Every structure is written in structure tokens, then in C-alpha cells.
Amino acid sequence: MRWQLGRRSTNVEDRRGMGAPTGMGMPGNLRLPRSRAGRAGGVGGIGIIVIALIAMFLGVDPSFLFQDGSMPGQSYQQSPQAPRSAAEEELREFVSVVLADTEDTWHVLFEQQGGTYQEPVLVLFSGSVESACGFASAAVGPFYCPGDRQVYIDLTFFQELSDRFGAPGDFAQAYVLAHEVGHHVQTLLGISDQVRSVRARLGEADANALSVQQELQADCFAGIWAHHADRSRQLLEQGDIEEGLRAASAIGDDRLQRQAQGYVVPESFTHGSSEQRMRWFQAGLAEGELSACDTFSADRL
Ligand SMILES: [Zn+2]
């Protein structure tokens with residue numbers, strides 16, 4: 001990809017090097033998911049409440065204890081910042097350019113529909129992270145949390161994508177990010193909510209089938225982004241699409257299941273087969289329009 005001259009997004013939040021949530025010592029500039037505010041904290045949280053009570057008893061306004069207007073709760077203990085390698089810094093730059101390019105793409109497409117695109121925050125973490133969707137270890141891979149509308153990624157996943165899944169290359173990485181942003185678009189369009197409420201009434205096989213439709217649509221949305229990144233900003237180079245397709249294929253459910261258990265159980269698919277994922281990515285890529293991505297009423301998934 002020709003990404004080096006691209007715009008950098010301001011929506012990247014770097015939580016690398018921060019340990020698991022602890023109690024006190026919340027850095028003032030740290031943006032926490034709103035949903036965490038109401039949750040009771042650990043010992044540190046109780047400690048703050050006790051201090052607040054004492055402060056009130058002494059006639060001191062305790063609100064200064066709660067920065068950002070948040071309730072006493074968890075925060076992050078910043079461990080001494082390990083110096084980042086040039087490669088790590090470059091990866092961060094890359095991610096912020098891809099994110100910015102998805103923003104530019106979806107702003108235009110939403111405006112065409114008379115809407116406004118709300119940009120998601122992309123959280124970089126290392127090891128594990130707390131989101132509105134709960135505690136997650138890096139082992140789950142990159143994910144989007146509709147509860148706080150943020151994309152989460154441990155950048156070491158890209159190494160895994162290359163080494164374990166056999167999908168190297170910058171466009172393979174960009175596809176993964178664009179897929180997660182695709183879930184954000186589904187959330188903004190109300191699709192995710194509809195899927196969730198319908199899923200709740202279905203048996204497991206049908207619920208999985210609906211998940212597949214949702215995932216394939218996110219792949220198709222990633223294709224829409226690639227279409228515009230290519231046509232409007234010439235970000236793509238020879239071989240990029242192949243890298244993206246290799247990634248789409250590598251993380252198909254059938255491939256993952258075969259790797260994990262040696263056989264494939266289609267009813268348990270929640271993301272779609274390798275062939276489906278590649279095909280829907282290509283559908284979005286070819287058209288560059290939302291209308292290309294109606295996986296929910298397609299005759300052939
Ligand atoms: Zn997904």
C-alpha cells in the first residue's frame with residue numbers, strides 16, 4: 001500500500017503498556033469508556049469512596065476526586081513505558097492512516113445517504129484490555145465493541161496473521177481493520193441491533209447463520225472501503241487485493257476449524273467460509289456501494 005503520505009487519524013487511543021485495571025491513580029487525560037463509569041471498582045474504588053466521605057465530612061467538595069466526571073472505579077496502572085521500536089511506531093502510523101481512510105470513505109457514503117458518520121475510536125492495547133464488552137485477552141484477536149463503539153486491537157495480531165494464518169502484507173492488515181470498522185458501520189446503521197434482537201429468538205443453527213450474514217457484510221464493507229481507497233486516493237498497489245483476499249480466506253471459519261479440530265461443521269460457522277468471505281469482500285470492492293452488501297437477503301451467501 002502507498003500509505004505513507006496518507007492522513008493520520010486522531011481517533012487512535014494508545015493503551016499499550018498499561019496493565020489490567022486497578023484502583024486509584026487515574027491519569028487525567030485517559031479517556032475511559034463511558035459504560036465503565038457506573039461499575040463498582042475494586043479495593044481502590046472503595047478507597048476513593050472512603051476518602052470522598054471523609055472529604056465531605058470535612059466540608060471539602062469531593063468532586064475533585066473524580067476526574068472526567070466519572071465515578072470512582074477502575075483505572076489503569078501505567079507501567080514504565082518501554083521504548084517502542086521503529087517497527088512498532090511505523091505500525092501505529094500505518095493503523096492511523098488506514099483508520100483515517102475509512103473515516104474519509106464512510107463520511108462521504110453517509111453524506112450521500114443524508115446521514116452523518118460518527119468516527120469510532122481505535123484502541124491499541126497489549127496483552128489484555130477492558131472494554132464495555134468486558135475483559136478481553138489478545139487471544140481473541142481484534143474486535144469491535146458496540147457498547148462503547150470502539151475497535152480494539154493488539155498489534156501483535158498482525159504478526160500472527162502473517163505467521164500463523166499465512167496472510168502477510170500491509171493490505172491484509174488493513175482488511176482486518178476495515179472489517180472491524182465495518183461492524184461499526186453496522187452499528188450506526190442499526191443493523192447490529194436488529195441482528196441481536198432477532199438472534200435472541202432463534203435456535204443455535206439459525207442464530208449462527210445470521211451471524212455469518214453479519215460477518216460477511218462486514219467483509220463486504222471492508223471491500224467498499226478498499227474500493228474508495230483505491231479510486232479516490234490511489235492507496236492500493238499491485239498485489240494488495242491478493243493480500244486482502246488471502247487474509248479473508250485465512251480467517252474463514254472452515255479454515256480455522258480445520259486447523260483447530262481437523263474437520264468442518266458448517267452449522268457452527270459464525271463468520272463464513274473462506275470462499276464466502278473472499279466473495280463478499282470482492283462484491284464490496286467491485287461496487288463501492290452499500291447496496292452491494294445486502295447479505296441478509298442474498299440468494300446465495
Ligand atoms: Zn467480524
Between T156 and E93, what is the spin-label point distance in nm, taking each point 7 Å from the Cα along the Cα→C-beta axis? 2.4 nm
In whole Å, largest first, what are the principal axis extents of the Cα atoms in the stretch 119-197? 37, 24, 22
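Report D for the stretch 114-249 in µm² per second (integer): Stokes-Einstein, Kirkwood Rh on Cα pairs, 10 °C, 1.306 mPa s.
Details: Rh = 15.9 Å.
It diffuses with D of about 100 µm²/s by this estimate.
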Normalised alpha carbon radius of gyration of the stretch 192-280 [divisor 2.2 N^0.38 Å]: 1.25
Rolling a 1.4 angstrom probe over the protein chains, ignoring ligands and nucleic acids, what is the accessible area of S232 in square angstrom, nearest 10? 70 Å²
Note: A260 to D299 extended length (0.36 nm per residue) minus current alpha-carbon separation gives 11.0 nm
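For the stretch 147-301, what is the accessible area per residue in Å², given a 1.4 Å probe and the full set of protein chains? Walk me through the intermediate numbers first.
Details: 6710 Å² over 155 residues.
Averaged over the residues of the stretch 147-301, the accessible area is 43 Å².
What trypsin sites (Lys or Arg not before Pro) does the stretch 191-258 have in DSSP loop regions with at most 13 other beta carbons within 10 Å?
On the way: sites: R196, R199, R201, R231, R233, R246, R255, R258; in loops: R201, R233.
Sites meeting the loop and neighbour criteria: R201.
The values are calculated or read from the model by the stated rules, or taken from the named source; none is laboratory data. This structure is a prediction, so every number in the text was calculated from the model and none was measured. Cβ sites come from the backbone with ideal geometry, for glycine too, and all protein chains shown count toward neighbours. Note: accessible area is taken over every heavy atom of the protein model, side chains too, but ligands, DNA and RNA are not part of it. Shrake-Rupley method; radii C 1.70, N 1.55, O 1.52, S 1.80 Å.
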